[in-house]
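Notes to accompany the following structure.
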Amino acid sequence: MGLIAFLKTQFIVHLLIGFVFVVSGLIINFVQLCTLILWPINKQFYRRVNCRLAYSLWSQLVMLLEWWSGTECTLFSDQATVDKFGKEHVIIILNHNFEIDFLCGWTMTERFGVLGSSKVLAKKELLYVPLIGWTWYFLEIVFCKRKWEEDRDTVIKGLKCLSDYPEYMWFLLYCEGTRFTETKHRISMEVAESKGLPKLKYHLLPRTKGFTTAVQCLRGTVSAVYDVTLNFRGNKNPSLLGILYGKKYEADMCVRRFPLEDIPVDEKEAANWLHKLYQEKDALQEMYNQEGIFPGRQFKPPRRPWTLLNFLFWATVLLSPLFTFGFGIFSSGSPLLILAFLGFVGAASFGVRRLIGVTEIEKGSSYGNQEFKKKE
């Protein structure tokens, strides 16, 4: 094992990376708070500033995937579709099977220049998560409780506010509503059977309300829907902890572009269109499982240096005083100061682990298990 590979497995290195991410994130959140005074003066300038502040935080996670673990991301699409990446407002539909599916999506947004302006329909619980939820709040992310009767007005209002967004945005929708598990899949297919809908093998039944509402509210702003189907070669199931340990994965993403004018305006017809799309996604997954490849031409967008340079900037700014401070603490010989410093390190370790836990499938939401709970 080489020195670099050895360092990637060391807890102290992971702790330092986590320290840089957390402290830089808190600094960025504070700056974002200060930018609120810009909103009544120049809303579009506020938005552009916050896109770049968000980029400075999210790109650190992209750096881990691209430069730290060396994970490769290959697109399967056509030239006409790839030529439009980063040059239009779009809605992204992505399967929700893996712990780092969002990170692969962020990698593509970074390579096409829209990471800072990427959006998502997020569960309201994330609003209270430091760094993640706080940054999203300043980005005007739409948060919902996932109870449509309570969410409808909030979602419509939030989406309409994005209609004049000055940066090209990719609005991500996980139409399945939650990550795939065998229990949730079984329940979902029981619902499909009760509604007379075709069963899916690799996906949960899509929730249509969020999709049809997004299409209706963003029609005239959004140019197309990108359907993205993600898989990992070798039947791997990667995690953020695996990335942190430097494990390299190979991600394949099949991307299809559907012009928005091809999607029905009528809500019921748009819902049927989405169900048909998921049947096609299921067929793509079946093909990948059998042949190990998606249809279409392969593209490997080159990684850009900005994610690495951004992380090195924050590491230089934050780790130098940390090392100086730590050296001073141990040089003092004071047991109380040393114990306090070690307590701080322990708290930081716990905080980083909790943040990583947000991405873990087994710690995901219970959304989709309601019927299961009733049966129990």
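The values are calculated or read from the model by the stated rules, or taken from the named source; none is laboratory data. Everything quoted here is computed from the prediction, not taken from an experiment. Backbone-built Cβ (ideal geometry, glycine too); neighbour counts: all protein chains shown. Quick note on the areas: whole protein, heavy atoms, side chains included, nothing else; ligands and nucleic acids left out. Shrake-Rupley method; radii C 1.70, N 1.55, O 1.52, S 1.80 Å.
For the chain, with all protein chains present and a 1.4 Å probe, just round the carbon and sulfur fraction of the accessible area to a whole percent. Of all accessible area on the chain, carbon and sulfur atoms account for 62 percent. Between Ile27 and Ile12, the distance separating the two model label sites (each 7 Å from Cα on the Cα→Cβ line) works out to 2.3 nm. In degrees between 0 and 90, to the nearest 10, how far off the longest principal axis of the chain does helix 306-332 point, with axes built from Cα atoms? Taking Cα atoms only, the helix is inclined about 30 degrees.
The DSSP beta bridges internal to segment 7-300 are antiparallel in roughly 40% of cases.
Surface exposure of the chain, expressed per residue as accessible area with a 1.4 Å probe, stands at 48 Å². Length gained on full extension, Lys87 to Ile37: 15.0 nm, using 0.36 nm per residue less the C-alpha separation. Accessible area ranking (1.4 Å probe, heavy atoms, ligands and nucleic acids excluded), largest first, for Ser163, Ser77: Ser163, Ser77.
Whats the longest run of the chain with zero trypsin sites (Lys or Arg not before Pro) that are DSSP loop and have at most 10 other Cβ atoms within 10 Å? Looking at the chain, 196-376 is the longest stretch - no exposed trypsin sites (Lys or Arg not before Pro) with at most 10 other Cβ atoms within 10 Å.
Grab the DSSP H runs of the chain that are 4 residues or longer, score each as -39,500 (n - 2.57), total them, divide by all residues and round the 222 nm result to the nearest 500 deg cm²/dmol. Can you show the working numbers first?
Details: 14 runs with 198 residues, N = 376.
So the calculated ellipticity at 222 nm is -17000 deg cm²/dmol.
Surface listing: Leu131, Leu36 arranged by accessible area from highest to lowest gives Leu36, Leu131, probe 1.4 Å.
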